[in-house]
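This report concerns only the one structure given below.
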Amino acid sequence: MVASVQATNQPTNGPRDLPKDLLYVKITTPDRVVFEGKARSLQFPTEDGLVGILPGHASMITTVDVGLLKMKLPDGKLTYFVLTRGFGEVRHHFGNGTEVRLTVDSGENPEIVDLERAQRAAERARRRLAEKDIKIDQPRAEYALKRALIRLQAKKIQM
Amino acid sequence: MANIRELKVRIKSVGNIRQITRAMEMVATTKLRRFQDRAVASGPYSEEIEKLVQSLGASALSGDQVPPLFQERAGKKTGILLITSDRGLCGAYNANIFSLLRKVMGELKERELHFYVVGKKGYSLVQKQGYNLGAYLSDPPLELIGYRDAATISRFLAEEFTSGKVDELRVVYTRFLSMAKYQPTEFKLLPLSAEKAAQQDDGGFQSHPILEPSQDVIFERLVPKYLETRIFNLLMESLTSEYASRMVSMKSATDAAGEMQADLRKVFNRARQERITTELLDIVGGAEAIS
């Protein structure tokens, strides 16, 4: 388990007291709550492609795929998170803010992504996929490769 | 007098035992805190998953295509997930689990039992009694299990169920109620209960959400996660109970040793006084005889 910085901006009392033009975002992983706070907009990968959420979005439940989450914070700054598989829920509270809850296997700020580890993982996954061995778990290796590549990509954006 | 020397040795050894049990109590306390932190850290995740299951469950489970982990089967094979401790010196913790287990086994006489065991104590019981061992889940040991390991265990158990090795899975574990109260509990984990999953919550937001890609696909992904969080929570509850039990029993051992030491000291002092008195009497008697 990697200890890391809590990337939380100002805490809110939940979505109810939020102005209409902001999102309340919570990203939860089995280890901890990775992010909880306000945002202007965000974009995350689902199995059917990228989804963008703006305040006022209709309620929705969807699956999250491995990829990069892009979020615009209230001060206009962009932040990124590396997400792995999970679920995303949008809750539209009439007349109030919109809530986005992402419940994923892991979510990392690119700053804490371990570049070397990701490179090693990518290499390992490629090797496994190259082996024509029936014993390997193909989807699992592909998933691992995808995760590693996304982490590397995130590192590049950050730099 | 030999008696006095013996008493002295006993007082000292009781004191040593007291020191040891006291140290063990302190270790149990700090470990307990650590496990509680671990359980608390994954709490929000479990809650989110549960909420999702609840908001989808009612409609996803009413169709005729129920996910495999919810399907009731008629077979005779019952798996029992037995969660015990690796180490002893935790009071009646394991004994309580075993007595519940005996009761449960009495009720399940007709069925073919397979044991899935966590913890050395449970494993040695199963071996000794010659029960049918399905798997001994010893790696990693319970104390080091994190969420990801629980997920692995969960996948394994789900596989045992869907492949037909067992037709239902019951859990015998210890429920953690409070620091002073933990209760051996048994319930049916698999097939998952549709009733429990379908409890609707109304969060006061726009319901009937858009479902992408589709309700069935999302629910199918969700079910294994749901099982993972439940198994992780079971393991953490058992572990917390174990350490709470260990802490309490070590505390009472320390207290008992303290009392014993005080009692022994009293006896010792009395014996010493007696010896002084007899010695004095001897001296006085001797002096009188001379004069």
Original post:
Dipole magnitude of chain B about its Cα centre, charges +1 at Lys/Arg Cβ and -1 at Asp/Glu Cβ only, in debye to the nearest 20?
Top reply: 1340 debye
Original post:
Taking segment A:113-158 on its own, what percent of its Cα-Cα pair distances exceed 18 Å?
Top reply: 29 percent
Original post:
So what's Rg/Rh here for segment A:52-97, counting alpha carbon atoms and using the Kirkwood radius for Rh?
Top reply: 1.00
**OP:** Would you please calculate the Kirkwood hydrodynamic radius of segment A:50-155 over all C-alpha pairs and express it in Å, rounded to one decimal?
**Re:** 15.5 Å
Subject >> Rel. contact order, % - alpha carbon contacts under 8 angstrom, at least six apart, chain A >> reply: 21 percent
Original post:
Considering the Cα trace of segment B:63-117, what is its radius of gyration and what is Dmax, both in angstroms?
Top reply: 15.5, 50
Original post:
Stretched out fully, how many nm does the piece from B:Ser124 to B:Gln71 gain, at 0.36 nm a residue minus the Cα gap?
Top reply: 15.8 nm
Original post:
Within straight cross-link reach of B:Lys225, meaning Cα distance under 19 Å, which lysines are found once same-chain residues fewer than 8 apart are removed?
Top reply: A:Lys26, B:Lys51, B:Lys188, B:Lys196
Original post:
Taking a spot 7 Å from the Cα of B:Gln19 along the direction of its beta carbon, which residues of segment B:256-280 have an amide N less than 16 Å from it?
Top reply: B:257-258, B:261
Subject >> Using a Förster distance of 22 Å, the FRET efficiency for A:Leu115-A:Ile157 (Cβ separation, nearest 0.05) >> reply: 0.95
Original post:
Per residue of B:39-52, what is the mean number of Cβ atoms on other protein chains within 10 angstrom of that residue's Cβ?
Top reply: 5
Original post:
What angle, in degrees between 0 and 90 and rounded to the nearest 10, separates the Cα long axis of helix A:138-158 from the longest principal axis of the Cα atoms of chain A?
Top reply: 60 degrees
**OP:** Using every pair of alpha-carbon atoms in chain B, split the distances into 10 Å bins beginning at 0 and state the percent of pairs per bin, rounded to integers.
**Re:** 6, 22, 24, 18, 11, 7, 5, 4, 2, 1, 1, 0
**OP:** Just the number, please: percent antiparallel of the DSSP beta bridges in the protein assembly as shown, rounded to the nearest 5.
**Re:** 65 percent
Original post:
Quick one: Cα centre-to-centre distance for segment B:93-157 and segment A:31-88, in angstrom?
Top reply: 40 Å
Original post:
What is the Cα coordinate range of segment B:79-216 on the first, second and third principal axes, sorted by size from largest, in whole angstrom?
Top reply: 55, 38, 31
Subject >> B:Asn96-B:Glu220 FRET efficiency (beta carbon distance; Förster radius 45 Å; 0.05 resolution) >> reply: 0.75
Subject >> Rounded tilt (10° steps) of A:115-130 against the dominant C-alpha axis of chain A >> reply: 50 degrees
**OP:** Equivalent ellipsoid semi-axes for segment B:26-113, as square roots of 5 times the alpha carbon gyration tensor eigenvalues: give them largest first, rounded to whole Å.
**Re:** 32, 27, 8
Subject >> Cβ-based net charge around B:Glu186, under 13 Å, with every Lys or Arg adding one and every Asp or Glu removing one >> reply: +3
**OP:** Just tell me how shielded B:139-152 is by partners: mean number of partner chain Cβ atoms within 10 Å of each residue's Cβ, no decimals.
**Re:** 1
Original post:
Any idea what the alpha-carbon Rg over 2.2 N^0.38 Å comes to for segment B:1-59?
Top reply: 2.43
**OP:** Taking amide H positions as placed in the peptide plane 1.01 Å from N, state which residues far from B:Arg87 in sequence (5 or more) or on other chains have amide H under 5 Å from it.
**Re:** none
Original post:
So what's the convex hull volume per residue for the Cα atoms of the protein assembly as shown, in Å³?
Top reply: 234 Å³
Original post:
Taking Cα atoms, how many degrees apart are the long axis of helix B:43-60 and the longest axis of chain B, rounded to 10 and kept between 0 and 90?
Top reply: 30 degrees
Subject >> Theoretical FRET efficiency, 1/(1+(r/R0)^6), r = Cβ-Cβ of A:Asp75 and B:Ile210, R0 30 Å, to 0.05 >> reply: 0.50
Subject >> Percent of Cα-Cα distances greater than 22 Å, calculated over segment A:23-111 >> reply: 16 percent
**OP:** Would you mind working out the magnitude of the charge dipole of chain A relative to its Cα centre, with +1 at each Lys and Arg C-beta and -1 at each Asp and Glu C-beta, to the nearest 20 Debye?
**Re:** 320 debye
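Only the coordinates and a few stated rules stand behind these numbers; no lab work does. As the structure is a prediction and not an experimental result, all values here were calculated from the model. Note: ideal-geometry Cβ built from the backbone for every residue, glycine included; neighbour counts use all protein chains shown.
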